[in-house]
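To start, the structure itself, in structure tokens.
The values are calculated or read from the model by the stated rules, or taken from the named source; none is laboratory data. Keep in mind it's a predicted model, so treat the numbers as computed, not measured. Neighbour counts are summed over all protein chains in view; Cβ atoms, including those assigned to glycine, are modelled from backbone coordinates with ideal geometry. SASA here: full protein model, heavy atoms, side chains in, ligands and nucleic acids out. Shrake-Rupley method; radii C 1.70, N 1.55, O 1.52, S 1.80 Å.
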Amino acid sequence: PGIDGYEATRRLRALKGEWAHKPIIALTAHVGPEEEARCRAAGMNGHLAKPLVLEQLEAALRQHLRVARAG
């Protein structure tokens, strides 16, 4: 409570252990290259815009879960 997704991501990335490497995908109403860059700068792995398109969510999950298992 009291923090946004950017700060939550920064805090998770600062942890040691497995939480520091879990995939984090933003879901936001804000779109555009600036917002995507802000998400990446906070440590997020991806960015999806609302309204959510199920196929895009599925593709992002497949991509990032595959990377997490390989890493």
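To two decimal places, what compactness ratio does the chain give when its Cα radius of gyration is scaled by 2.2 N^0.38 Å?
1.11
What size of dipole, in debye to the nearest 20, comes out for the chain about its Cα centre when the only charges are +1 on Lys and Arg C-beta atoms and -1 on Asp and Glu C-beta atoms?
Here the size comes out at about 360 debye.
Select from L61, G46, H21 the residue farthest towards the positive end of the dipole of the chain; place +1 on Cβ of Lys and Arg, -1 on Cβ of Asp and Glu, and compute about the Cα centre.
H21
Name the residues whose placed amide hydrogens come within less than 5 Å of the amide hydrogen of L48, ignoring near sequence neighbours (fewer than 5 apart) on the same chain.
A26, L27, T28
At a 1.4 Å probe, what is the % contribution of carbon and sulfur to the accessible area of the chain?
Of the solvent-accessible surface of the chain, carbon and sulfur hold 58 percent.
Which trypsin sites (Lys or Arg not before Pro) in the chain sit in a loop by DSSP (not H, G, I, E or B) and have at most 16 other Cβ atoms within 10 Å of their own Cβ?
Taking the chain and a limit of 16 other Cβ atoms within 10 Å, the loop trypsin sites (Lys or Arg not before Pro) found are K16.
Quick one: net charge of E35's neighbours, Cβ under 15 Å, K/R +1, D/E -1?
Local charge sum for E35: 0.
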